[in-house]
There are 2 protein chains.
Amino acid sequence: MELFGAGRIKMAQPAIILIRPQLGENIGKAARAMLNFGLTDLRLVAPRDGWPNPDAGPTAAGAGVVLDKARIFSTVEEAIADCTHVYATTVRNRDMPKPVATPHEVALQMHGLIAAGERPAVMFGPERSGMTNDDIALADTVLTVPINPDYGSLNLAQAVILVSYEYFQSKNETPAYQPAHDDGLSSKKELVDLMEHLESVLDSKGFFRSPGRRDPQRRTLRNLLQNAELSSQEVMTLRGVVKSLGRNGAD
Amino acid sequence: MELFGAGRIKMAQPAIILIRPQLGENIGKAARAMLNFGLTDLRLVAPRDGWPNPDAGPTAAGAGVVLDKARIFSTVEEAIADCTHVYATTVRNRDMPKPVATPHEVALQMHGLIAAGERPAVMFGPERSGMTNDDIALADTVLTVPINPDYGSLNLAQAVILVSYEYFQSKNETPAYQPAHDDGLSSKKELVDLMEHLESVLDSKGFFRSPGRRDPQRRTLRNLLQNAELSSQEVMTLRGVVKSLGRNGAD
C-alpha cells in the first residue's frame, strides 16, 4: 500500500483528532497505534501540556514521523474545518441524538466516504473526562466500541488502535455506505459558520430567553443541523434563509 | 453476557498465555485488555520478574481480578496441557509450516471450537524477542495481525487487545469452523507426551545422528504431528505404534 515518504503518494485517509489530550505519553502511543495501521493525519486540539511535548517521543517508538506532522488547533471547530463527516468516540449519550456505529461499521463508512471524495475524521476526548456535549454536537455519528458491560475501561491509545485496526483490516471490503449527496457534503467549516450565523440571529431576536437553557437549546439546533447531512449547496440555501429571517421588518 | 462473580456462571472461553513476559506493567495492561472484552483465563509462563509482580497492579486499572486468578507455569507445555487447539501470535515464519490466520478468522475459529467443547488458547511471546521456534512448534495455527508493512510495531498489550476485541465482537457471528474430529481433539498434554515418547525412542535408535541437527529435526516432527489435528484416539494409536517400533527385535 502507498503511504508517504520519498517517492510515495499519500492516500486520502481519515484524520485522527485528539481533543485536549492530557499526557504526552498517550499522544505518542496514539501515534504509534495509527502508524501501525497506516494512518498519519494526527490533529491535536489544545493539548494540556503544549506542543511539542518531549513525553510523546519515547512512547511513539519509531512513529515520530506522525508526531512531526501533527497539526495543532485551539478549537474542535478549527480541527474539523476541512472535514465533511466526523465521528465522536464515546459511549452512547441519550442527550445526543446521533446515529451510533461500531468501529467496523465506521471503518466501512469511512472507506465509502473516501471513495466518494469526502474527508472523514474520528475524534477522541481527553483521558479522564471524555468528550463534552459541545464536542459531540459537532459530530455526525457516535462511534462506540462494544465492550464488557461489567468492565469497560478502554484508554485513549487502545481506542485509537481499535479504530485504526478496523480501518486497515476492512480496506479490501466493499463499502456499502454512500453519502447522501453525490455533489459533496458540506465542510464542517461551512456548517459551523451556518450554526454560528443562526445562533447570532436567534440571539438578536431574543430566542434564548433563559441564559441557563441557552447551551442545551444551542446543542439541540446544532445536532439537528448536523444530522441533516447537508450538502454545500444546502448550507448556502440555509444561510440565505437565516439571513432573510434575521432582517427586521423595517430593513 | 455471563462472566464470573457472585451468582454468575463462567463461560468457556479461550485462555490467554503470556510466555516469559518481561515487564509486570505489560502483564497488567494485558489483563485490562482481556477484561475489557470479557476474557479472564490468564496464564503466565515463567514471568521474568516472578509472580506476583507489584508493577502489574497499577496498569491493570481495575482488572486485578484477572491478575488474582492468573496461573503460573514453568513451561509452555504445562501451560497448554489442558488445551486442544493453540494459536501462536507471531509473524509468519517460513521455517514453521503452520496455517496462518487473522485475528478475525481466529476469533471465529475459537467460537467454533468452544461450541464443539474444545479448549482453545492464544500464546504471546516475550516483549523483545518474541516466541521461539520451539514455542511455535507447539501451536496448531499462527495468528498474524495484518499491519502496515512499512511499520509494524505492535506491543504485547496491543496484540492482546486486538485478539480479545475480535473474539468479543464476533460472538454473535455464526462460526463456520469445525474441528476435524467430533469425538474430541487430543489435549496438548497427550500430544506432547506422544512427541516426547517418539523422541526418546528415536534417541535410543540413534535417529538423531548429528547433535546440531537434533533440534530442527525434532521441530519438524513436532510440527508434522501438530498439523495432523489428532484426536485422543489417534494419539493412543500412535503411542502403540511408537512403542512397538521402539522394541528391539529380541524383545
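The values are calculated or read from the model by the stated rules, or taken from the named source; none is laboratory data. All values derive from a computational prediction rather than experimental measurement. Cβ atoms come from the backbone with ideal geometry, glycine included; neighbour counts cover every protein chain shown. For accessibility, only protein heavy atoms count, side chains too; no ligands or nucleic acids. Shrake-Rupley method; radii C 1.70, N 1.55, O 1.52, S 1.80 Å.
Data overview
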| item | result |
| --- | --- |
| Buried on assembly, region B:163-181 (at least 40 Å² less accessible surface than by itself, 1.4 Å probe) | B:Tyr165, B:Phe168 |
| Residue-level accessible surface for A:Thr220, protein heavy atoms, 1.4 Å, Å² | 90 |
| Hull-based mean projected area of region B:188-245, where the convex hull spans the alpha carbons, in square nanometres | 3.8 |
| Diffusion constant of region B:56-196 at 25 °C, which comes from Stokes-Einstein with the Kirkwood Cα-pair radius and 0.890 mPa s, µm²/s | 151 |
| Of all DSSP beta bridges in chain B, antiparallel share, percent nearest 5 | 5 |
| Peptides B:142-149, A:175-182 ordered by average Cβ neighbours within 10 Å, highest first | B:142-149, A:175-182 |
| Choice from B:Lys188, B:Lys29, B:Lys171 showing the highest fluctuation, given a GNM over chain B with Cα pairs closer than 10 Å | B:Lys171 |
| Partner chain coverage, peptide B:29-37 - average Cβ within 10 angstrom | 4 |
| Hz values of 3J(HN,Hα) by residue in region B:71-83 - Karplus curve (6.51, -1.76, 1.60), Gly and Pro given as x | 10, 10, 10, 7, 10, 4, 4, 5, 5, 9, 3, 8, 8 |
| For region B:131-251, convex hull volume per residue from C-alpha positions, Å³ | 145 |
| Rounded to 5, percent antiparallel among DSSP beta bridges of the protein assembly as shown | 5 |
| Accessible solvent surface per residue of region B:197-248, calculated while the other protein chains remain in place, 1.4 angstrom probe, Å² | 62 |
| Restricting region B:140-171 to chymotrypsin sites (Phe, Trp or Tyr not before Pro) in coil, as DSSP defines it, with at most 16 other Cβ within 10 Å | none |
| Dimensions (Å) - the protein assembly as shown, Cα atoms, principal axes, largest first | 120, 59, 42 |
| Integer Hz, Karplus 6.51/-1.76/1.60 couplings in order for region B:134-151, x for Gly and Pro | 5, 5, 5, 4, 7, 9, 7, 9, 8, 9, 10, 8, x, 8, 3, x, 8, 7 |
| Convex hull of Cα atoms in region B:101-180, direction-averaged projection (nm²) | 6.0 |
| B:Asp55/A:Leu224 FRET efficiency (R0 41 Å; Cβ-Cβ; nearest 0.05) | 0.25 |
| If the convex hull is drawn through the Cα atoms of chain A, its volume per residue in Å³ | 147 |
| Residue pairs, from the table B:Lys188/B:Lys243; A:Lys98/A:Lys189; A:Lys188/B:Lys171; A:Lys29/B:Lys98; A:Lys69/A:Lys98, whose Cα atoms sit over 28 Å apart | A:Lys188/B:Lys171; A:Lys29/B:Lys98; A:Lys69/A:Lys98 |
| A:Ser244-B:Ala176 FRET efficiency (beta carbon distance; Förster radius 56 Å; 0.05 resolution) | 0.40 |
| Under Karplus coefficients 6.51, -1.76 and 1.60, residue-wise ³J(HN,Hα) of region A:187-201 in Hz, glycine/proline x | 6, 5, 5, 4, 5, 5, 4, 4, 4, 5, 4, 4, 5, 5, 5 |
